[in-house]
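The values are calculated or read from the model by the stated rules, or taken from the named source; none is laboratory data. Predicted, not measured: the structure shown is a model, and the values here were computed from it. Cβ: placed from backbone, ideal geometry, glycine included. Neighbour counts: every protein chain shown. Calculation scope for accessible area: heavy atoms of the full protein, side chains included, ligands and nucleic acids excluded. Shrake-Rupley method; radii C 1.70, N 1.55, O 1.52, S 1.80 Å.
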Amino acid sequence: MILVVKVGLQQFGLIVDRLFDLEEIVVKPLPSFLQHYKCYAGVTILGDGEVALILDPAGIFDLAKLAHVETGKTEKQQPSVQETRENTGERQTCILFHSAPEETFAIPLASVSRLEKLDPERVEQVGQRSFLSYQDKALPLVHLADYLDVRPLPENLKRVFLIITQGKRDHEAVGILASKILDIVELGVELQEPVIQQPGILGSAIVNGKLAVFLEPQALLGAAETQAGKG
Amino acid sequence: MTAEKTFVSFSLDDQLFGLDILLVREINKQLRLTPVPLVPDYIRGLVNLRGQIVSIIDLKRRLGLPDGRVTSKSRNIILKSQMELAWTQSAGKGADIVSVPDKVGLLVDAVGDVITVNSKEIVASPANIGEVDGRFLSGVAKLNHSLMAILNVENLLKE
C-alpha cells in the first residue's frame, strides 16, 4: 500500500503495510534526546493505551535524500521552451510523441482518455481505415500520415502506442498511432505560425530543442471523418 | 556526624550496581514497549506510564556490557526527571545529584535490596570497572561482601 505524501511542491509515495483509520489525537512532545531525529514530529497515546510515533513528512523527505529527485513539478524541471515576450500565459499539459521517428507531435492531455501499448498485428484494416477491437467496440485508428502531410510510421514496429482521445457526443473516440511516447510536459507556449497549414494542426514550437507540431484533436478528427466520408 | 546514602541496588548479569534512591521514582515490571526506529540500540522504546511517555533504556547495552535476555526478573527502574528531582532538592536533600531531562526508565536484570551505606565506604570510581565506561559511574561502595558500582545517570542520554 502506498500513501502519497506532499511536502511543499513535491510528492512522494510512502510504502506502508497497513492502513487503519483517521484519528484525532493529542500530540505529545518528543523526549528531548529524540528531538534531533527530524523524521519524528511527536508522540501520541492511542485509545487502547498504546504509544504511537508521529511521522514528519518533511523529515522523511530529507532522510531519504529525495531533494534531488526530479518530479516535473518544481521550477527547475520545466522543459526548455522558446518563449516569446508575449507569452499567452496559458499553461497546458501535453503528451509528446513520435509517429515517424524524426517528427515530434504534441497533443493536449485534456483530450486524451488513455494511453495503450499494442502489438501491430492486432490492427485490423477495413478498406482504407484501420480499427482495433477495443473494449468490445471497434476503435477507429488514426495514422497521422494519412491525414496530414507528415512522414509515416516506420514499418515493422514490434509495438505501437495508442493515444486514445476522449469520445464525445458528436465525436467518436479514436486511437492515434504513435511509434514512441516521449514525455508528458507542462508548457506555457506561444505557438508559432503553423509550419504546415492543415486542419488539425494548431501550430508549432521548439520543445527541448526540437520542433514539435501541436495537434488539435477535434479538428483532426473532423478532417479524418470528412476524408473517411469521401473514401 | 557521619553521612549516609541510601541506594536501590540492582544487577546487570552478575554485577551489582546502585542508584541513589532520591533518583528513583518507581520500579515496574516489563511494560508494553513501542520501539523507535533509527535510534541507538540501547533505547529500547517508549512506554505509556499512566498517560506519560517514558523512554526505556537498556542499561546493559548502554554501559557496553554483553547483551542478555529479558527475563521475568527484569525490571524497569523509572527515574525522576531533573524537574522532579528539583522538588526533592528544594527540600534540601540530594544537592549533589544530577538526573536526566526526560522521563526515562532503566531496564535492568533484577532489582535487589535498598542498601544504606556510610559515606566513608564510598570511594571514587576507577576509570573503568570491568567493561563499564567511567562516565557512567560516580563511585564504588564497599559492602560487607561485595562492591557496588554507583551509577551516574547524568551522562546516560548524552552521546
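Going through (1) within 14 Å of another protein chain (Cβ to nearest Cβ); (2) among the charged types (D, E, K, R); (3) not in a loop (DSSP other than H, G, I, E, B) one by one, residue B:32 falls short only on (3).
Does residue A:56 meet the test of being of a type outside the set (Phe, Trp, Tyr) and within 21 Å of residue A:1 (Cβ to Cβ)? The answer is yes for residue A:56. The set of residues in region B:129-158 that are farther than 24 Å from residue B:44 by Cβ and of a type in the set (Val, Ile, Thr) contains only B:140.
Contact map, region A:124-149: residues that are closer than 15 Å to residue A:201 by Cα and in a loop (DSSP other than H, G, I, E, B) paired with residues that are open to solvent by 70 Å² or more (accessible area, probe 1.4 Å) and at pLDDT 80 or above, Cβ distance under 9 Å, separation 6+ or inter-chain. Pairs shown: A:143/A:152.
Which of the residues that make up region B:77-112 are under 18 Å from residue A:33 (Cα atoms), of a type in the set (Val, Ile, Thr) and crowded, with 16+ Cβ neighbours inside 10 Å? Within region B:77-112, B:78, B:100, B:104 qualify.
Within 14 Å of chain B (Cβ to nearest Cβ) and modelled with pLDDT of 90 or more: is that true of residue A:55 in this structure? Yes; evaluated as a whole, the condition is true for this residue. Do you know which residues across region A:95-123 are surrounded by fewer than 17 Cβ atoms within 10 Å (Cβ to Cβ), more than 15 Å from residue A:166 (Cβ to Cβ) and without any contact (Cβ under 8 Å) to a residue 60 or more places away in the chain? Listed by number, the residues that qualify are A:102, A:117, A:118, A:119, A:120, A:121, A:122.
Annotation: residue A:70 fulfils all but one of (1) modelled with pLDDT of 65 or more; (2) away from chain B (no Cβ under 14 Å); the unmet one is (1).
Within region B:51-71, the set of residues being more than 10 Å from chain A (Cβ to nearest Cβ), without any contact (Cβ under 8 Å) to a residue 24 or more places away in the chain and loosely packed, with under 12 Cβ neighbours inside 10 Å comprises B:67, B:69.
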